[in-house]
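Presented below is the structure to which this report refers.
The values are calculated or read from the model by the stated rules, or taken from the named source; none is laboratory data. As the structure is a prediction and not an experimental result, all values here were calculated from the model. Glycine gets a Cβ as well: all are built from the backbone with ideal geometry, and neighbour counts include every protein chain shown.
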Amino acid sequence: MKAPVLALAGGVGGAKLAAGLNQVLEEAQSPLNIVVNTGDDFEHLGLHIAPDLDSVMYALSGLNDTERGWGMRDETWQCMSALGRLHAETWFSLGDQDLATHLVRTQMLRDGATLSDVTAHLFAQLGVHASVAPMADQPVRTIVDTDAGTLAFQHYFVREQCAPEVRRFDYAGAAEATPATLLARTLADPTLRAVVICPSNPFISIDPMLAIPGVRDALAATTAPVVAVSPIVGGAAIKGPAAKMLKELGLAVSATGIAEHYGELLDGFVMDAADESLAGALTPLPTLVTQTMMHTSADKRALADQVLAFCDGLT
Ligand code: FO1
């Protein structure tokens, strides 16, 4: 059995690189384990919504809407219109096809399956071969402390459109959670090839994982190289509110700010060619400067190939 790669992912950027790694490693018949943030999960209209798991699932199965960044392509919104007619909550858009995912997940959880079981089942139904799991089977919920009060993550992100100023993040339930089996087992695997922290928002996609007891220590203890890809290019987030958050938290709005945020955890860092002038500031951290924008499936593959070669060179 070849050595596995572990990808930590959340959000649109995370799903894109996870899809690239999946293409490259599937062709090489090498194992890929993807662990996904569930700090964005919430109960809505009686359903368990897991946006980041679904972004990865739709990206890897090719069902994703590339324009919108979340949800499924060729989506319809009949249920949302009907909810509007009933004066029910419509601030969070659930597509008709996407609803099927939430229905199956919610039913299985209610029948006693774990979120890891449900995730493996859903990915298998859509023909994805990579092993994918949530970061934990217990609920961990990102809470955003803002100048407009304390907000549940999706209330901050979607309902309030990230407008309130962020003061800090909390990950409710993290202290009581345990890493999902796939995460714990992969981090303890002495043959682990690399850990790739995808170009995800560090505060809302990766820090919820690091808040689970044992994860940070296991990342520090693994002999595999831990490499992060910057979600900040040219002082702006590729997508989403990462730059706004860095600024509001008083951190450098740059690829350097991201590397500094992960600090000692990293054995290597990947930043975009647009930020080449910043690479020296990270010395002695080995840094790969390359094209990190992923518009096409060829871009995702190319970045995955380069990141893997960089990791292998660090070992
Ligand atoms: N993002 C939005 O900006 N508006 C929405 O109405 C919305 C609905 C939605 C439904 C299902 C799903 O899987 C994701 C959805 N997202 C929506 C994206 C999601 O809120 C965020 O992208 C993530 O939580 C942040 O990574």
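Annotations
- Pair list, Cβ under 7 Å, 6 or more apart: region 1-20 residue closer than 18 Å to H129 by Cβ, other residue within 14 Å of the ligand (Cβ to nearest atom) and not hydrophobic (A, V, I, L, M, F, W, C): A9/S200; A15/S55; L17/P199
- Residues located in region 294-315, provided they are of a type in the set (A, V, I, L, M, F, W, C) and surrounded by 16 or more Cβ atoms within 10 Å (Cβ to Cβ): M294, A302, L303, A304, V307, L308, F310, C311
- Test: residue in region 97-117 that is closer than 30 Å to T296 by Cβ, within 13 Å of the ligand (Cβ to nearest atom), free of Cβ contacts under 8 Å to residues at least 40 places away in the same chain and among the acidic types (D, E): no
- Candidates are the residues of region 129-181 that are among the hydroxyl-bearing types (S, T, Y) and in a strand (DSSP E or B); the one that is farthest from the ligand (Cβ to nearest atom) is S131.
- Inter-residue pairs, beta-carbon under 7 Å, first farther than 15 Å from V128 by Cβ and touching a residue at least 24 places away in the same chain (Cβ under 8 Å) and in region 28-54, second in a helix (DSSP H, G or I) and acidic (D, E), 6+ apart: N37/D52; T38/D52; D40/D52
- Restricting attention to region 75-96, the residues being part of a loop (DSSP other than H, G, I, E, B), farther than 17 Å from M57 by Cα and touching a residue at least 12 places away in the same chain (Cβ under 8 Å) number 7.
- Region 204-216 - residue that is touching a Leu at 6+ places or on another chain (Cβ under 9 Å) and part of a helix (DSSP H, G or I) and, of those, surrounded by the fewest Cβ atoms within 10 Å (Cβ to Cβ): R216
- Selection status of V140, within 28 Å of E248 (Cα to Cα), without any contact (Cβ under 8 Å) to a residue 40 or more places away in the chain, surrounded by 13 or more Cβ atoms within 10 Å (Cβ to Cβ) and touching a strand residue (DSSP E or B) at 6+ places or on another chain (Cβ under 7 Å): no
- Any hit, region 189-196, residues being assigned to a helix (DSSP H, G or I) and under 20 Å from the mean Cα position of the chain (by Cα): no
- Residues being of a type in the set (A, V, I, L, M) and buried (at least 24 other Cβ atoms within 10 Å of the Cβ) - total across region 13-49: 9
- Yes/no for A236 being touching a Gly at 6+ places or on another chain (Cβ under 9 Å), away from the ligand (no atom under 13 Å from the Cβ), without any contact (Cβ under 8 Å) to a residue 40 or more places away in the chain and of a type in the set (G, A, S): no
- Taken over region 33-65, the criterion of being more than 10 Å from the ligand (Cβ to nearest atom), assigned to a loop (DSSP other than H, G, I, E, B) and either modelled with pLDDT under 95 or in contact with a Ser or Thr (Cβ under 8 Å, 6 or more places away or on another chain) (or both) is satisfied by G46 alone.
- Residue that is farthest from T191 (Cα to Cα), among those in region 222-255 that are of a type in the set (S, T, Y) and surrounded by 20 or more Cβ atoms within 10 Å (Cβ to Cβ): S254
- Here D117 meets the list (1) within 16 Å of the chain's Cα centre (by Cα); (2) within 30 Å of M1 (Cβ to Cβ) almost entirely, failing just condition (1).
- Apart from one condition, A3 fits all of (1) more than 12 Å from the ligand (Cβ to nearest atom); (2) more than 24 Å from V270 (Cα to Cα); the exception is (2).
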